[in-house]
Amino acid sequence: MHLSETVLIRGAHRVALASALACALVACGKEEPPRAMQPATAQPATPPAAKAGEIRAEPSAPPPVPKMDPNAELAGKVTSALRATSGLEALAVDVVAADGAVTMFGTADTRESIEKAGKVASGVPGVKSVQNKIVVVRGS
């Protein structure tokens with residue numbers, strides 16, 4: 001080989017090497033193709049970190065459930081007592097209470113059932129007086 005051919009081959013190699021480097025540099029600046037979106041997973045919330053010297057209280061218990069209306073609660077106790085008493089469980093009676101005064105409305109099949117219902121109601125704790133407005137209706 002002649003010297004001029006060797007120089008030409010080396011020159012061609014240099015041009016090829018420079019071209020390859022130029023292509024590599026151009027390829028480095030390209031962004032990656034977009035990736036498929038994956039559904040976001042919910043991460044549990046973390047409480048903010050406490051500051052130095054600050055005492056963090058544990059989460060408190062849920063707020064207490066509001067108390068039931070005392071009149072409705074007393075009427076429910078009287079109704080439950082009537083239903084739990086033998087011979088009165090099928091009595092068709094509505095009970096209303098106001099500050100310990102209980103009024104019973106409804107029907108019974110005998111006078112004895114009405115009197116028994118009055119005694120049961122007066123024996124419920126919290127009952128101060130009983131107004132018995134239950135009436136006898138045959139076949140009720």
Of residues in the range 86-125 being surrounded by fewer than 14 Cβ atoms within 10 Å (Cβ to Cβ) and touching a residue at least 40 places away in the same chain (Cβ under 8 Å), the one farthest from Pro70 (Cα to Cα): Ala92
Pick from the range 36-85, criterion β-branched (Val, Ile, Thr) and surrounded by fewer than 10 Cβ atoms within 10 Å (Cβ to Cβ), ranking: modelled with the highest pLDDT: Val65
Scope the range 101-140; condition small (Gly, Ala, Ser), over 14 Å from Thr79 (Cβ atoms) and in a strand (DSSP E or B); matching residues: Ala101, Ala108, Ser129
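The values are calculated or read from the model by the stated rules, or taken from the named source; none is laboratory data. Just so we're clear, the structure is a prediction, and the values are computed from it rather than from any experiment. Note: ideal-geometry Cβ built from the backbone for every residue, glycine included; neighbour counts use all protein chains shown.
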